[in-house]
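The values are calculated or read from the model by the stated rules, or taken from the named source; none is laboratory data. Here the structure is a predicted model, which is why all the values come from computation and not from measurement. Please note: Cβ atoms are built from the backbone with ideal geometry, for glycine as well, and neighbour counts cover all protein chains shown.
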């Protein structure tokens, strides 16, 4: 059976109520699918109208559900919406066998029966009072069948550039002129299928009160990683010289019947510090890309997407950089404050859960490298949909 694409669109209300992390954790742990793209949308009028038209064309919907869904989308996805909140929505694009059926099953049906075994059962609401709908929140929108899925994927591709991408404008009235946008990267070891870590980390960052305004799934190339972590290499030369000296002393003590003079250790550590730093630097690149860099690697090889995936998120709001880094914790998880991301999900200075920009200048530099600074002319979501749907 051929692989297919399916999508889940986290609603503006779910994003506003910080349910995003819990929804993502549920989907990553239950779906036997590959998460191939993530993108933020701030739908305009045409998107809303055309999406509602695809709901009305669904043959399997009963009239009541059709009316509930179209009314919900018109009143909640519009920029001037019912609750007066940001109309940001987050698209998750999955690929694999029976993707439409899998996503639909995990998201769950629209029912007023109380249940918690699906995403809608846990994070959504469908309340009937005196025979009438008292409250309705689907939590996530998705397609119930293959034909609707194709129509809605094409629609999402059509609006990926115009209504999607970096949606700071959708929250600017709520965050003020001095707000910052900072970058978070969920590292490969926390962003893997069947692991809830990525969703749990997003849930932890939700406590900052910041808005997610950009999102992207990507595979770092060696060239990208070298540019991204370039400043770290020079730091490693100085930072690792003292540990290298200690390690050399231990090796000599264990293997030589005499004491090595301190000056010899100092000179040897100084002469090896560049090679030692390069080795550690290559280890960082390999961890982030899944590819071990080589001295004879061609430029074409270095620019190929790596084997491992990361998820990048942009957070926007007052003091965003400081708030994210405070919740992230110290680089070394052993030194991180209890309750921080790195304390909970890190094991060493490399496998420490996530990266976060440490200054406005670095946020801009890092966003440019991974492609989350300027609007894209051909977004990943649109390209993937064109190639697979």
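Test each condition in (1) more than 18 Å from residue 12 (Cα to Cα); (2) assigned by TED's automatic domain parsing to the domain that holds residue 23; (3) loosely packed, with under 14 Cβ neighbours inside 10 Å for residue 151 and report the one that comes out false. Here residue 151 meets the rest and fails (3).
If the condition is being surrounded by 22 or more Cβ atoms within 10 Å (Cβ to Cβ) and not in a loop (DSSP other than H, G, I, E, B), then the range 154-168 contributes 156, 164. With respect to the conditions (1) in contact (Cβ under 8 Å) with a residue 60 or more places away in the chain; (2) out of contact with any strand residue (DSSP E or B) (no Cβ under 9 Å at 6 or more places or on another chain), residue 295 lacks only one, and its number is (1).
Name every residue in the range 1-15 that is touching a strand residue (DSSP E or B) at 6+ places or on another chain (Cβ under 9 Å) and more than 17 Å from residue 160 (Cα to Cα), in order of residue number.
Quick first cut of the range 1-15, residues touching a strand residue (DSSP E or B) at 6+ places or on another chain (Cβ under 9 Å) only: 3-15.
Within the range 1-15, 3, 4, 13, 14, 15 meet the criteria.
When residue 118 is tested against (1) out of contact with any helix residue (DSSP H, G or I) (no Cβ under 8 Å at 6 or more places or on another chain); (2) more than 18 Å from residue 38 (Cβ to Cβ), just one condition goes unmet, and that condition is (1). For the range 365-387, a residue qualifies if it is surrounded by fewer than 15 Cβ atoms within 10 Å (Cβ to Cβ) and either farther than 17 Å from residue 40 by Cβ or out of contact with any helix residue (DSSP H, G or I) (no Cβ under 8 Å at 6 or more places or on another chain) (or both), and the qualifying residues are 368, 371, 375, 377, 378, 383, 386, 387.
With a cut-off of at least 1 residues that are modelled with pLDDT under 95 and surrounded by 18 or more Cβ atoms within 10 Å (Cβ to Cβ), name the helices (runs of 4 or more DSSP H) lying wholly within the range 250-356.
Working: elements: 262-289, 299-303, 320-328, 341-345.
In the range 250-356, the matching helices (runs of 4 or more DSSP H) lie at 262-289, 341-345.
If you go through the range 209-242 and keep only what is more than 22 Å from residue 291 (Cα to Cα) and surrounded by fewer than 20 Cβ atoms within 10 Å (Cβ to Cβ), you end up with 209, 235, 237, 238, 239, 240, 241, 242.
Pairing residues of the range 356-369 that are closer than 18 Å to residue 218 by Cα with residues that are assigned to a strand (DSSP E or B) and at pLDDT 95 or above, at Cβ distances under 6 Å and at least 6 apart in sequence or on separate chains, gives 356/184; 357/182; 357/183; 363/182; 363/183; 366/183; 367/183. In a residue-by-residue description of the range 118-139, the property of being in contact (Cβ under 8 Å) with a residue 40 or more places away in the chain, more than 21 Å from residue 14 (Cα to Cα) and surrounded by fewer than 20 Cβ atoms within 10 Å (Cβ to Cβ) applies to no position.
Among residues of the range 169-196 being part of a helix (DSSP H, G or I) and in contact with a strand residue (DSSP E or B) (Cβ under 8 Å, 6 or more places away or on another chain), the one that is nearest to residue 89 (Cα to Cα) is 170.
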